[in-house]
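Heads up: the structure comes next, in structure tokens.
The values are calculated or read from the model by the stated rules, or taken from the named source; none is laboratory data. Not measured: the values here are computed from a predicted model. Cβ sites come from the backbone with ideal geometry, for glycine too, and all protein chains shown count toward neighbours. Surface accessibility is based on the protein's heavy atoms, side chains included, excluding ligands, DNA and RNA. Shrake-Rupley method; radii C 1.70, N 1.55, O 1.52, S 1.80 Å.
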Amino acid sequence: MTTEDHYQQNRSSAWNPNIWPPFTQISSNEPPITIEKAKGALLLPDNQQPIIDAISSWWVTLHGHSNTYIAEAVSTQANKLEQIIFADFLHPQAERIAARLSKKIGLERLFFSDNGSTAVEVALKIACQFWSNIGQPKSQIIAFEGAYHGDTFGAMAVGERNLFSEPFNDKLFPVSRLPWPSTWWDDQDVEKKEHHVLISLEKLLEKPTAAVIIEPLVQGAGGMAMVRPEFLKAVEKRIRQANSLLIADEVLTGFGRCGKLFAFQRAGLCPDLIALSKGLTGGFLPMGVTMAKEKIFEVFNSNEPKHTFWHGHSFTANPLGCAAANASLDLLEANPNSYEDFESRHIPHLQQLAKDSKVTKPRITGTISAFNIQAKGNDGYLNTSGKRLKYLVRELGVFIRPLGNVVYLLPPLCIEDEQLEKCYWAIQKGLKNL
Ligand SMILES: *Cc1c(COP(=O)(O)O)cnc(C)c1O
């Protein structure tokens, strides 16, 4: 047997010796499945049943895998201009996506970077430097418990301090933190929870505050924790009164995931800075953008070298990423029902599932539906019930990746009714065998 044969034979039953996998402890997980093809909502492993990608491949795949329209746009662009240094040159795809997003979002300036973490880093740096440039430095940054903003140092600092950040905690800048008053169906205490947080926020805002960062409507990695628009509006009101800045991290929630094109629109907010990535390119290519109000940009626009925003990435505004983003936006514009109507597709299924005694805290925002498994032991990322459910459900041809005991569906917009039904059926069956 040649080495290549040996590799072929073992490739889906062993860990690759040259790859360091993300977020994974090898000893306590099954090796990954090799995928050479995927189409729409389906992953198509060789010699195995298709698997429904019920979480959009880590929340990025927006219109489905290998979408022909986006693939063609990327291919056409690749044959014209693949990359260009963006400090000295412009290209039409970048101008087009900037103009379109500015118009839809209402923030005039767009700064390109490479992924969600960098989009958040850029937003934080702009916010801090904004106050420094106008000669009123403000140091406090406020974030929420359970927040996830990415894995680079600045993004980690504003994210919840947990097991993931523990080895670095002494290197992370200080952040003031508030509870996140998450809610679910038939939650009786939501107003009380929100009220307490707003009182604490008012207290914190007595100190000069550079920015408050939120994940509007849904905290993703923190456990698909959903809040009411009313709460976010009350938060924004206090931020305005305190003359601070509001950063919306829409890396997950943007591009229809929450039922409107952007979650801040559904919540009725007007953020000063917005971070976007994941669905931006339809999930085709890694790209992030940070949108900023013109009044923020103006403060950087001066003859003082120190007022410059000294930040940039090698692949800033990569033309292939921009082409994918424009094509993805075309698809969203052509079919807004694909995300606006998604909530009503989830509702009957989750209502049905919620009758199971193992299902608690059912909740839906737009295309995202979630519940907690009534689990022995603590809630949280290390609770193993979700992981066991993941493997039971995968046997049935559906891929989910629970966060501890939080189970959620976050499917690509193209998922068919029967496929969505199968996701819920597999979860229901898996729960029975848990
Ligand atoms: C995924 C995510 C990020 C980080 O994005 P990456 O592209 O993985 O760096 C930041 N914020 C939120 C809300 C996210 O869900």
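Classified by the C-alpha gyration tensor, segment 290-434 has a prolate form. Its axis ratio a/c, with a ≥ b ≥ c, is 1.5 or above, and a/b is larger than b/c.
When DSSP beta bridges are restricted to pairs lying wholly in the chain, around 65% turn out antiparallel.
The HN-Hα couplings worked out from phi for segment 254-267 by the Karplus form 6.51 cos²θ - 1.76 cosθ + 1.60 (θ = phi - 60°) are x, 6, x, 4, 9, x, 10, 3, 10, 5, 4, 5, 5, 7 Hz, whole numbers, x standing for Gly and Pro.
Is the shape of segment 161-223 rounded, prolate or oblate, going by the alpha carbon gyration tensor and its root eigenvalues a ≥ b ≥ c, with a/c under 1.5 for rounded and a/b larger than b/c for prolate? Before the final figure, lay out the partial values.
Working: a/c = 2.45, a/b = 1.30, b/c = 1.88.
Oblate, since a/c reaches 1.5 and b/c is not below a/b.
Put simply, when 294-303, 49-58, 19-28, 213-222 are sorted by average Cβ atoms within 10 angstrom per residue, most first, you get 213-222, 49-58, 294-303, 19-28.
So which aspartates and glutamates can residue 193 reach, going by Cα to Cα under 13 Å and dropping same-chain residues fewer than 8 places off? Correct list for residue 193: 230.
Adding -39500 (n - 2.57) for every DSSP H run of four residues or longer, then dividing by how many residues the chain holds, sets the calculated 222 nm ellipticity at -11000 deg cm²/dmol.
Sorted on the mean count of surrounding Cβ atoms within 10 Å across their residues, most packed first, peptides 313-323, 170-180 read 313-323, 170-180.
Within the chain, all pairs of alpha-carbon atoms sorted by distance into 10 Å bins from zero give the percentages 4, 20, 30, 27, 14, 4, 0, 0.
Applying the criteria of a DSSP loop state and at most 15 other Cβ atoms within 10 Å to the chymotrypsin sites (Phe, Trp or Tyr not before Pro) of segment 111-173 yields 164.
Expressed as a whole percent, the accessible area of the chain that falls on carbon and sulfur atoms is 53 (1.4 Å probe).
Counted over all Cα-Cα pairs of segment 357-434, pairs farther apart than 20 Å make up 25 percent.
Based on Cα contacts under 8 Å between residues 6+ apart, segment 70-334 shows a relative contact order of 29 percent. Among the trypsin sites (Lys or Arg not before Pro) found in segment 362-434, those both in a DSSP coil and sparsely packed, with 14 or fewer other Cβ atoms within 10 Å of their Cβ, are 376. Cross-link reach is defined here as a Cα-Cα straight distance under 23 Å, omitting same-chain residues fewer than 8 places apart; for residue 429 the lysines meeting it are 355, 358, 361, 376, 387, 390. Excluding same-chain neighbours fewer than eight residues apart, the aspartates and glutamates reachable from residue 233 by a Cα-Cα span under 15 Å are 191, 194, 202, 215, 272. Dipole orientation for segment 70-334: of the candidates 241, 283, 99, 241 has the Cα lying most toward the positive pole (charges on Cβ; Lys, Arg +1; Asp, Glu -1). For segment 20-142, the alpha carbon positions stretch 63, 42, 27 Å along the principal axes, listed from largest to smallest.
The figure for residue 418 is an accessible area of roughly 120 square angstrom, using a 1.4 Å probe on the protein chains alone.
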